[in-house]
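Chemist: Below you'll find the structure I mean.
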Amino acid sequence: MSKQQVRLASLLLEEAFGDQVEAVGTYLLKNGGSNLGEISKGTGLQINKVKKCLVVLIQHQLALFEPHSSGKYVLYSVSVESVQLRGRFPRYILASRELYGQIGELICEYILHQGRTLMSQCINRVAERLEVTLGAAPAEVSKVVKTKFVGMVEGQYLTRVKPPSTESALGQVNSGDSARTPIFGKFELPSSLTAIKYTGNKRKRDEEDPGNQPSSKRAKKNTGEGEEKPVDDGVFWSVNFDNFHQHFQDKAIVSAVRERVDETAACVMRSLLRMAINLSQDKSLQTKSSPTLYKGRMAEYLPDKPKLSEMDLEHYLKALTDDQAHFLSKEDDSGGGGYAVGKL
């Protein structure tokens, strides 16, 4: 990585988390995998402060960790690409508003601020904000926020975070642990979804004014006794940056088609991109082309307005295929013709 990349990452870390986290992050960016002692010595921070900084970096999925080959200590590292994504946070929030409205924007903003969060925590916090700003009924607010959250998961804009016991710095599971590691579904909703309920402002008032609580309850809270775990405890969610990048790329493709051909061609291209996403299991940007899109199934995804005839569709498919930008490529002649969406 270049000095400019490290400098930019350092500024982003300092702006978001302060100088101590920035010092730890910058040290790891410059020196790679390091243990606690090395980080403490290199930054001049005490071990306990280094630990707190690492907790922040791990919470926000900026720091990776893995055991040393000797098994005697853990090595920590920071990904410069992950840090630089923080500069795009406003775009992710704006895109969430475009796709899922104000509630989607609030959900995305909250999760980006937290790094990773429980579904129940996110629903409660967003519902609380909406209740205060809109004066809506708590039960209705919670229901709407939960529906939006589920929609963002189903759209793969939110993804589950792997439990620490199954992740390594390389994002891979150790082969020796594979036999006892459960299958992990990145977009699998917890079975406890229906049990998630809005606790809202009552909890906030109790926290702000402990005098409203019974003395026995205050005593238990101060000692940590009697605290109920969330129904979805341990199931954390984060923003799926790859899918937002795919969304931005698809918008750029549609815009390019509009400029090079016309508005109807842009509508066709948008429909084919949606079809490709629905048929594809791998939405990573590393995929150079989409699954084969057969003409016989395109009618399911094309808009009602403008209504395209068979001849019109053939005309636009040919125009998109022949264009020098290679928006489409013809892959197969069966089923009326099979096409693949090119990538910018």
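Chemist: Of these, 151, 115, 171, which one is modelled with pLDDT of 90 or more and on the phi > 0 side of the Ramachandran plot?
Modeler: 115
Chemist: Scanning region 293-326 for residues that are touching a strand residue (DSSP E or B) at 6+ places or on another chain (Cβ under 6 Å) and either crowded, with 17+ Cβ neighbours inside 10 Å or hydrophobic (A, V, I, L, M, F, W, C) (or both), which turns out modelled with the highest pLDDT?
Modeler: 320
Chemist: Filter region 46-74 for residues that are closer than 23 Å to residue 240 by Cα and more than 19 Å from the chain's Cα centre (by Cα); which is surrounded by the fewest Cβ atoms within 10 Å (Cβ to Cβ)?
Modeler: Let us first name the residues in region 46-74 that are closer than 23 Å to residue 240 by Cα, namely 54-66.
With more than 19 Å from the chain's Cα centre (by Cα) added as a condition, the list becomes 54-55, 65-66.
Values: 54: 22, 55: 12, 65: 17, 66: 16.
Ranking the qualifying residues of region 46-74, first place goes to 55.
Chemist: Please identify the pairs in which a residue from region 145-168 that is of a type in the set (A, V, I, L, M) has its Cβ atom under 9 Å from the Cβ atom of a residue that is surrounded by 20 or more Cβ atoms within 10 Å (Cβ to Cβ) and modelled with pLDDT under 80, counting only partners at least 6 apart or on another chain.
Modeler: If the second residue must be surrounded by 20 or more Cβ atoms within 10 Å (Cβ to Cβ) and modelled with pLDDT under 80, the pairs left are 145/198.
Chemist: Related question: Among the residues of region 96-116, what is the count of those that are more than 15 Å from residue 148 (Cβ to Cβ) and either within 11 Å of the chain's Cα centre (by Cα) or of a type in the set (Val, Ile, Thr) (or both)? Steps first, answer last, please.
Modeler: Taking region 96-116 as the starting set, the residues that turn out to be more than 15 Å from residue 148 (Cβ to Cβ) are 112-116.
So of that shortlist, the ones also either within 11 Å of the chain's Cα centre (by Cα) or of a type in the set (Val, Ile, Thr) (or both) come out as 112, 115-116.
Number of matching residues: 3.
Chemist: Let me ask something additional. Only one of (1) out of contact with any helix residue (DSSP H, G or I) (no Cβ under 7 Å at 6 or more places or on another chain); (2) at pLDDT 90 or above is not met by residue 282, so which one is it?
Modeler: Every condition holds for residue 282 apart from (2).
Chemist: If you don't mind, there's one more thing I want to ask. Here are some conditions: (1) surrounded by fewer than 13 Cβ atoms within 10 Å (Cβ to Cβ); (2) more than 13 Å from the chain's Cα centre (by Cα); (3) within 21 Å of residue 241 (Cβ to Cβ). Residue 77 meets all but one. Which one does it not meet?
Modeler: (1)
The values are calculated or read from the model by the stated rules, or taken from the named source; none is laboratory data. No experiment lies behind these values; they were computed from the predicted model shown. Note: ideal-geometry Cβ built from the backbone for every residue, glycine included; neighbour counts use all protein chains shown.
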